[in-house]
Amino acid sequence: MEYLDSLTGFRLDGRRPNDMRQIRGEIGVVAKADGSALFEMGNTKVIAAVYGPREVQNKSQQINNQALVRCEYSMANFSTGDRARRPKGDRRSTEISLVIRQTMEACILTHLMPRSQIDIFVQVLQADGGTRSACINAATLALADAGVPMCDIVTSCSAGYLSSTPLLDLNYIEDSAGGPDVTVGILAKMDKVTLLQVYFRSGLDS
Amino acid sequence: KRHRPLRRSSICFASLLCSYAINPQETLTSEMNAETSDAPPTSLVDRTVVPGDTVLDLTAMANQTIKLGAGLRQDCDTISVMKAGKLRLSKPNKYWVESSHKRYVPCVEDTVLGIVVDCKPDNFLVDIKAPTLAFLPVLAFEGGTRRNIPKFEIGTLLYVRVVKANNSMNPELSCMDETGKAAEFGQLKDGYMFETSTGLSRMLLSSPTCPVLEALGKKLSYEIAVGLNGRVWANASSPSTVILVSNAIMNSESLSGLQQKIMVEKLMQRLQ
């Protein structure tokens, strides 16, 4: 399948290799949460809600000199093409939850809120590739909306390599094409990388 | 790519008051100051800032004392923003970020509305929308002795004052003012409590009187207690008045003075 048209240089959805999809962000979307954000990257829509800083619910996990950051990632049943029931604790969700938690923990100033807990809940409403990046962007906006002290804003995007060309911001078709894909999370002003993940499946003979 | 040159060990305080005396900058190259994406520091005042924005570059200000308020932190040579909001400057040298959130950061001498969560032998545990529960000592009442400890049930609404607020300990409250008098602190009976943001609470407590409260006061008789933690309690003689006052206050956060007056009049017409 041709992911990059050789004549015009356009991708399947009409973008150039270096073009991102259109992004849109909105904060304050969940009334009950202390901070919330809805982030869209093209067709990928993600909603993030932040609760905290508040009392630690499980005293055994309390950290005496900094805040405890917890993150939960889930995909809605209706988020992909086939409506499929996803179990809560499956491997991919746990891995992405851990990745988002570590990324956000790098930018939250946890030492200012000892013995408290910050909960970040991210849910994918519509998945079209780049859900990890959209989740991190949404979580950053939700944390800023909640007034959690942060040292910088985390921005994230994914990229891949198909038809011998690096492509920015893959959608679902390009993501499942079998090439490598890298997700990067960067602290915007400080210019530091907090997340770098490369995923590639390769056969023994390729 | 920028590369950070070696710095001499300089004194870095993470506290509210910072004074920074700078030696001549032979060791710093011009790359440090060439932040093309940052606006010059003074023009960020009264503008919206997000975490990570550099507000002041201390290398350009020698021998000056700067006071940092909420939302700002010192990162070696620069003052950067921790919380999103509007940057404010109070001449000559006090900077802070004004933001409005649903959670409250406890600060000494703030008056807040708390809800009793538990009763211990020595103090009441009170929820004030802060990262940790606050303690209200059982003796912190006017004329309080071991014999006349007030009996507060779980869920009681109290108007209290923050006495100690340290991020490594639970905040401590009191139902007395500095001189030891009760001064309106204590349990709030009847009425209706609703939760708003900290920004709206500050606006309600500002002087001169907030337009929405003035407009309501011209026609109605009511009483309110505003907590800086985003909780407001309203009471009046009839339930419809209480509802009208609460709705008027909840609607008024993003409105200008004139819009608030018009909104109050529309609500009052419905009452007639």
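The values are calculated or read from the model by the stated rules, or taken from the named source; none is laboratory data. Since this is a predicted model, take the numbers as computed values, not measurements. Methodologically, a virtual Cβ is constructed for each residue, glycine included, from the backbone with ideal geometry; neighbour enumeration extends over all protein chains shown. Side chains are part of the model used for accessible areas, which takes the heavy atoms of the whole protein and leaves out ligands, DNA and RNA. Shrake-Rupley method; radii C 1.70, N 1.55, O 1.52, S 1.80 Å.
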Entries in B:Lys86/B:Lys266; B:Lys94/B:Lys219; B:Lys83/B:Lys219; B:Lys83/B:Lys261; A:Lys189/B:Lys86 that, when Cα-Cα distance is taken, lie over 28 Å: B:Lys86/B:Lys266; B:Lys94/B:Lys219; B:Lys83/B:Lys219; B:Lys83/B:Lys261
Solvent-accessible area per residue for the stretch B:145-266 (1.4 angstrom probe, square angstrom): 54 Å²
Over chain A, relative contact order from alpha-carbon pairs under 8 Å, at least 6 apart, %: 23 percent
Mean projection area, nm², convex hull over Cα of the stretch B:125-272: 10.2 nm²
At most 11 other Cβ within 10 Å, DSSP loop - GluC sites (Glu not before Pro), the stretch B:164-272: B:Glu178, B:Glu184
Alpha-carbon Rg with Dmax, taken over the protein assembly as shown, Å: 26.1, 90
Accessible area of the protein assembly as shown belonging to carbon and sulfur atoms, whole % at 1.4 Å probe: 53 percent
Share, in percent, of DSSP beta bridges within the protein assembly as shown that are antiparallel, nearest 5: 90 percent
Against the rule of thumb 2.2 N^0.38 Å, how large the Cα Rg of chain A comes out: 1.08
A:Lys45, B:Lys261, A:Lys192, A:Lys32, reordered so the largest accessible area comes first (probe 1.4 Å): A:Lys32, A:Lys192, B:Lys261, A:Lys45
Choice from A:Glu95, A:Glu105, A:Glu174 with maximal GNM fluctuation in chain A (Cα, 10 Å cutoff): A:Glu95
All Cα pairs of the stretch A:74-174, percent lying beyond 23 Å: 36 percent
Two-decimal Rg/Rh across the stretch B:192-271, once Rg and the Kirkwood Rh are taken from alpha-carbon atoms: 0.92
Quarter of the Cα convex hull surface for the stretch A:99-151, i.e. its orientation-mean projected area (nm²): 3.8 nm²
Accessible area per residue, Å², the stretch A:18-161 with all protein chains present, probe 1.4 Å: 43 Å²
Ratio of Rg to Rh over the stretch A:1-60 (Cα coordinates, Kirkwood Rh, two decimals): 1.30
